[in-house]
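Scroll down for the structure; my scribbles are underneath it.
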Amino acid sequence: MINNIELERASLLTYLECPECGTIHNAGVVNTVCTNCTSTLFAQYNLSTGVSKDILTGRPATMWRYKEFLPVIDEKFIVTLGEGFTPIIPVNNLKKFTGDNEVFWKDESGNPTGSFKARGISAAVSKAKELGIQIIATPTAGNAGGALAAYAAAAGVKAIVYMPKQTPKVFKDECHLYGAELVEIDGSISDCGKLVNEYAAINNWFQVSTLKEPYRLEGKKTMGYEIAEQFNWQLPDVIFYPTGGGTGLIGIWKAFDELEQLGWIGGKRPRMVAVQSESCDGIVKAFHAGQTVSEFTDGGFTIANGLRVPKPYADKIILKVLHQSNGSAITISDDEMSAAVKEIARNEGLLFAPEGAALWQAYKKLKASQWIQSGEKVLLLNTGSGYKYLENIM
Ligand SMILES: Cc1ncc(COP(=O)(O)O)c(C=O)c1O
Ligand SMILES: [Zn+2]
């Protein structure tokens, strides 16, 4: 058994592995995607050493309590603003809709910069710092850009953020306030991504585009560790996730695999549900058609700017998780999201991002169709704060 004192380094990271072709990559150098097949790379850890859950006792209530399973080798490079270990809150005054289901929100809105993006960016910026990187660029739908700007400021490195022009002003203002360079693009996050790709190659910027860099996934996976720990190592029956690029969905699934290897949970898995907007519904369509990859969608405006992803880079992995988990996928309209934000605010006193509020409508629909069954325990991930979205919601 390994305990706190015996651990000489923070992380049990061993190497990066391609989940598609199996190619192993050296985790001691800068990596992006698989050099053989361009898939997202997965960090692997030495989980066979019998680490005890007891290591968590007395640890700080942030995602870095799971530092053995995060990629930073030397703790002095960890860039933290207190992200993670967000509360799990039972549905209270809206119980008339939930019948005999136990339904909970995991509320990510209290994270630094008001969204769960803080987790992935904390991990990616920390690891970048450990690898000596000085300039970090990203395309963003909004929240990741603000998070990168804040963590880059804390790390003392430069952030360059490409964001669609149609994103609400508050997302742009926060990038400026944290000292990032902001570039506004007439288009979607895919258009931003193409430009970041081009300029990163020319200017030697390191880019942390969703799932084209291995470590944002590692930060996001801590939601899975927390769900297990906060539910006393008994996972819920169903987890709903608002899917843009899909990092959290893939990360949570990866966490459960790691926890099973550690022997901290058993083999039972939740059914995973991807929730998308009507304008970016590629995963929903591909899932119901039984396809293994998704098509490009129109990528048009939605008030849930985090869901404005015309085609996720890791669509294959998202679809694999949905199929493996016997999960589902569903779209929600902007009007439904807006109504849900208001219903949750008035009844529960919680002001959610439309991405998170969409899950409430998705839950109600899947319950009405009896896909959610009597007595099931359901977790809805509210991924961000509603305060940044007021100009569109009102
Ligand atoms: C509030 C919010 N929810 C959900 C998402 C989608 O996250 P992912 O790209 O990990 O699927 C985003 C992405 O920008 C977001 O900002
Ligand atoms: Zn590969």
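The values are calculated or read from the model by the stated rules, or taken from the named source; none is laboratory data. Owing to the predicted nature of the structure, the values given are computational and were not obtained by experimental measurement. Here the Cβ positions follow ideal geometry from the backbone for every residue, glycine too, while neighbour counts run over all protein chains shown.
Details
- Pairs linking a residue in the stretch 76-105 that is within 30 Å of Ser11 (Cβ to Cβ) and of a type in the set (A, V, I, L, M) to a residue that is at pLDDT 95 or above and assigned to a loop (DSSP other than H, G, I, E, B), with Cβ atoms under 8 Å and 6 or more positions apart or on different chains, are Ile78/Val72; Ile88/Phe231.
- Residues that are exposed (fewer than 14 other Cβ atoms within 10 Å of the Cβ) and in a helix (DSSP H, G or I), drawn from the stretch 176-193: His176, Leu177
- Across the stretch 95-125, the number of residues qualifying as closer than 19 Å to Gly142 by Cβ and not in a helix (DSSP H, G or I) comes to 4.
- Checked against (1) without any contact (Cβ under 8 Å) to a residue 12 or more places away in the chain; (2) within 12 Å of ligand 1 (Cβ to nearest atom), Leu217 passes all but a single condition, namely (1).
- Those residues of the stretch 12-35 which are assigned to a strand (DSSP E or B), away from ligand 2 (no atom under 12 Å from the Cβ) and among the β-branched types (Val, Ile, Thr), in sequence order: Thr14
- Test result for Ile185, over 19 Å from Thr35 (Cα atoms) and more than 23 Å from the chain's Cα centre (by Cα): yes
- Per the conditions (1) of a type in the set (Gly, Ala, Ser); (2) surrounded by 18 or more Cβ atoms within 10 Å (Cβ to Cβ); (3) modelled with pLDDT under 95, the sole criterion not satisfied by Gly300 is (2).
- Meets criteria (β-branched (Val, Ile, Thr), buried (at least 24 other Cβ atoms within 10 Å of the Cβ) and within 22 Å of the chain's Cα centre (by Cα)) for Val170: no
- Residues located in the stretch 36-48, provided they are more than 14 Å from ligand 2 (Cβ to nearest atom) and surrounded by 20 or more Cβ atoms within 10 Å (Cβ to Cβ): Ala43, Tyr45
- Residue in the stretch 263-279 that is within 16 Å of ligand 1 (Cβ to nearest atom) and assigned to a helix (DSSP H, G or I) present: no
- Cross-chain or 6+ apart pairs with Cβ under 8 Å, the stretch 237-248 first and modelled with pLDDT of 95 or more, then charged (D, E, K, R) and within 16 Å of ligand 2 (Cβ to nearest atom): Gly246/Asp315
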